[in-house]
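The values are calculated or read from the model by the stated rules, or taken from the named source; none is laboratory data. Not measured: the values here are computed from a predicted model. Cβ atoms come from the backbone with ideal geometry, glycine included; neighbour counts cover every protein chain shown.
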């Protein structure tokens with residue numbers, strides 16, 4: 001279902017719409033202001049990220065596709081920051097500068113991963129001339145496979161949205177629209193529009209069940225000359241309704257929802273990139289559903305990489321415990337846990353013939369944080385470390401035994417002799433080992449301590465050894481411990 005990276009790299013997406021700058025001010029709060037009953041935030045983290053249509057463009061570019069963005073900004077510092085962010089993400093842009101209007105900016109104040117306030121700076125581009133925008137669309141549409149219209153009703157598109165659709169269709173592009181407001185008539189002639197359920201019901205009225213929703217969506221599809229409509233239904237999933245007799249209703253993937261900011265941007269961005277890469281619409285929607293599940297588990301608007309998306313697809317489609325992940329999945333899961341403010345503990349080993357000594361050490365490690373992730377040597381690396389007769393238990397069985405333990409949250413294999421590179425990539429809060437190690441001798445110590453993490457050694461239960469167990473099984477009680 002997921003397209004090859006080469007296909008995504010060749011896909012060309014033109015994005016037109018309301019461009020914003022998302023600013024985040026974050027810090028701790030320990031007191032109430034003496035001036036008013038509000039918390040005082042000691043800000044120590046400042047971030048500025050492209051938002052709105054620019055975030056859709058980032059989603060396209062992060063998957064490896066070619067994204068070009070057209071929108072409107074003011075002649076101000078926020079526009080400069082926005083351009084820098086786009087360029088660093090590999091997004092080409094052709095922005096119209098509107099003198100006398102500010103760049104649309106959303107400023108969010110956060111503490112302990114909670115939103116305390118949002119301040120919006122905008123004037124709606126109320127008296128703007130849309131001719132420069134349309135000139136840019138005409139110049140760029142011939143270079144695109146798909147055109148995305150990202151409408152936040154901030155004035156960038158205004159009455160020109162129909163002209164944008166007409167220009168795109170004349171250039172042979174597919175047109176996808178993320179709509180706003182209760183007038184879908186203005187999107188007539190697009191191939192797909194993607195309202196959320198609230199937006200959809202403001203147009204057609206309340207839908208008590210999915211059958212009603214589907215029937216009313218199909219009426220709109222016919223009336224507006226669309227190919228299909230995608231209604232995003234939050235935790236209930238996605239509904240794709242075309243002109244066929246039956247719609248496609250995809251349940252949401254059940255990950256912990258942490259922040260829904262930007263989820264709609266991710267959905268239409270992934271659909272656009274996949275569609276431009278030759279993926280059929282229904283499969284592109286399935287991919288977008290996977291991507292949305294990833295981004296809502298993080299704080300703030302974010303994007304999904306090809307590796308993360310591939311992992312998500314393979315994890316859901318693969319039988320067995322979904323806590324067994326690959327390296328990309330491990331990094332993504334730890335990042336999501338970190339975004340939720342969780343303390344992640346990581347350990348590694350062969351875990352050949354799991355025994356009580358392993359269990360007690362793993363339980364002690366889990367007590368050091370909120371999540372315990374275990375990196376497991378694959379069969380080839382165990383053979384290099386322990387000898388050609390090891391492992392006794394193959395990798396798949398060793399990982400299955402580990403995730404059966406209530407103290408283990410995630411398991412991932414690695415193929416190197418040492419997990420140092422993997423540890424540096426995962427960046428756990430705590431790196432733990434069981435035994436009589438000196439912390440400085442543990443693989444990954446330098447990387448973890450360099451970014452301020454901890455390296456801990458937990459007690460290893462005496463009298464338990466895989467080598468001794470093997471010796472007892474084969475009758476060689478004189479074999480040394482390991």
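Just a few scattered comments:
- Candidates 33, 65: the one that is assigned by TED's automatic domain parsing to the domain that holds residue 157 and either surrounded by 22 or more Cβ atoms within 10 Å (Cβ to Cβ) or modelled with pLDDT of 95 or more (or both) is 65.
- Exactly one residue out of 464, 437, 451, 460 is over 14 Å from residue 375 (Cα atoms) and at pLDDT 90 or above: that is 451.
- Considering residues of region 365-395 that are more than 14 Å from residue 344 (Cβ to Cβ) and part of a strand (DSSP E or B) only, the residue nearest to the chain's Cα centre (by Cα): 376
- Qualifying position, being part of a loop (DSSP other than H, G, I, E, B) and modelled with pLDDT of 95 or more, among 208, 190: 190
- Criterion applied to 312, 293, 301, 336 was being under 30 Å from residue 177 (Cα atoms), in the same structural domain as residue 394 (by TED's automatic domain parsing) and at pLDDT below 85, and the one residue passing it is 336.
- Tally of residues being within 22 Å of the chain's Cα centre (by Cα), buried (at least 20 other Cβ atoms within 10 Å of the Cβ) and over 20 Å from residue 134 (Cα atoms) across region 89-111: 1
- Residues that are surrounded by fewer than 20 Cβ atoms within 10 Å (Cβ to Cβ) and in contact (Cβ under 8 Å) with a residue 12 or more places away in the chain, drawn from region 68-77: 75, 76
- Filter result for residue 307 (part of a loop (DSSP other than H, G, I, E, B) and modelled with pLDDT under 90): no
- Residues considered: 59, 44, 55. Of these, the only one that is on the phi < 0 side of the Ramachandran plot, within 26 Å of the chain's Cα centre (by Cα) and not in a helix (DSSP H, G or I) is 44.
- Boolean, residue 221 is in contact with a helix residue (DSSP H, G or I) (Cβ under 7 Å, 6 or more places away or on another chain), in the same structural domain as residue 140 (by TED's automatic domain parsing) and either part of a loop (DSSP other than H, G, I, E, B) or at pLDDT 90 or above (or both): no
- Looking across region 407-436, the residues that are over 23 Å from residue 332 (Cβ atoms) and loosely packed, with under 15 Cβ neighbours inside 10 Å come down to 417, 435, 436.
- Selected residue (criterion: nearest to the chain's Cα centre (by Cα)) from residues of region 396-406 that are surrounded by fewer than 21 Cβ atoms within 10 Å (Cβ to Cβ) and either in a loop (DSSP other than H, G, I, E, B) or touching a residue at least 40 places away in the same chain (Cβ under 8 Å) (or both): 403
- Filter result for residue 359 (under 30 Å from the mean Cα position of the chain (by Cα), surrounded by fewer than 21 Cβ atoms within 10 Å (Cβ to Cβ) and more than 15 Å from residue 327 (Cα to Cα)): no
- Close pairs (8 angstrom Cβ cut-off, 6 or more residues apart or separate chains): outside the structural domain of residue 51 (by TED's automatic domain parsing) in region 89-115, assigned to a loop (DSSP other than H, G, I, E, B) anywhere: none
- Members of region 320-337 found to be without any contact (Cβ under 8 Å) to a residue 40 or more places away in the chain and either under 13 Å from residue 402 (Cα atoms) or buried (at least 19 other Cβ atoms within 10 Å of the Cβ) (or both), listed by number: 322, 328, 332, 337
- Check on residue 423, at pLDDT 90 or above and part of a helix (DSSP H, G or I): yes
- Condition met for residue 393 (touching a residue at least 12 places away in the same chain (Cβ under 8 Å), assigned by TED's automatic domain parsing to the domain that holds residue 426, within 20 Å of residue 455 (Cβ to Cβ) and crowded, with 16+ Cβ neighbours inside 10 Å): no
- Test: residue in region 131-141 that is surrounded by 16 or more Cβ atoms within 10 Å (Cβ to Cβ) and not in a helix (DSSP H, G or I): no
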